[in-house]
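Report on the structure given below.
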């Protein structure tokens with residue numbers, strides 16, 4: 001089954017870095033540790049309740065979760081290759097949609113709004129803010145690094 005951004009995912013505790021990459025590719029990628037769902041039963045319940053597809057490195061969990069994706073690799077680039085081979089669409093979106101920290105939706109910061117000291121001036125650079133945790137994001141060196149990694153797949 002091909003997977004497209006917009007289809008919600010739940011990544012196990014071993015896949016935190018992968019969650020960040022998937023979010024920049026437009027996926028609603030919940031991370032088990034952020035959702036207090038470290039144990040298998042909690043993950044299965046959360047996946048069922050929210051209609052999420054489980055992505056895991058745990059063979060036993062994958063066997064119990066409907067349509068789960070079992071990854072075998074440890075490095076995020078290799079995990080991304082596994083997902084691409086499994087039919088996942090992987091390309092960084094033009095505008096971020098999900099918070100890299102908590103996975104909540106992002107909203108663009110108006111050019112007239114102030115931003116925290118760590119964020120660029122929105123009159124000079126596009127800036128987005130998480131609707132839940134308030135974290136600010138922009139296309140900087142981290143964005144470029146993720147784009148380079150995904151494009152190299």
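Derivation of every value follows stated rules applied to the coordinates shown; laboratory data play no part. Keep in mind that what you see is a predicted model, and the values were worked out from it rather than measured. Note that each Cβ is placed from the backbone with ideal geometry, even for glycine, and that neighbours are counted across all protein chains shown.
Neighbouring Cβ atoms within 10 Å as the yardstick, rank 28, 12 fewest first.
28, 12
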Label residue 124 and residue 50 with points 7 Å out from Cα along Cα→Cβ: what is the distance between them in nm?
3.6
Rounded to two decimals, what is Rg over Rh for the stretch 15-104 when you use alpha-carbon atoms and the Kirkwood radius?
0.94
Report the FRET efficiency, 1/(1 + (r/R0)^6), for residue 152 and residue 94, where r is their Cβ-Cβ distance and R0 is 25 Å, rounded to 0.05.
0.85
Once the cut-off is 17 Å, how many percent of the Cα-Cα pairs in the stretch 58-119 end up in the long-distance tail?
65
Return a whole-number percent for the relative contact order of the chain, with Cα pairs under 8 Å and 6 or more residues apart as the contact set.
21
Between residue 111 and residue 86, what is 0.36 nm times their sequence separation minus the Cα-Cα distance? Round to one decimal in nm.
5.0 nm
Segment residue 72-residue 14, extension gain: residue separation times 0.36 nm, minus the distance between their alpha carbons:
19.8 nm
Checking rank on 95-104, 66-75, 38-47, with mean other Cβ inside 10 Å and highest first, the result is 95-104, 38-47, 66-75
Quarter of the surface of the C-alpha convex hull for the chain, i.e. direction-averaged projected area in nm², equals 9.0
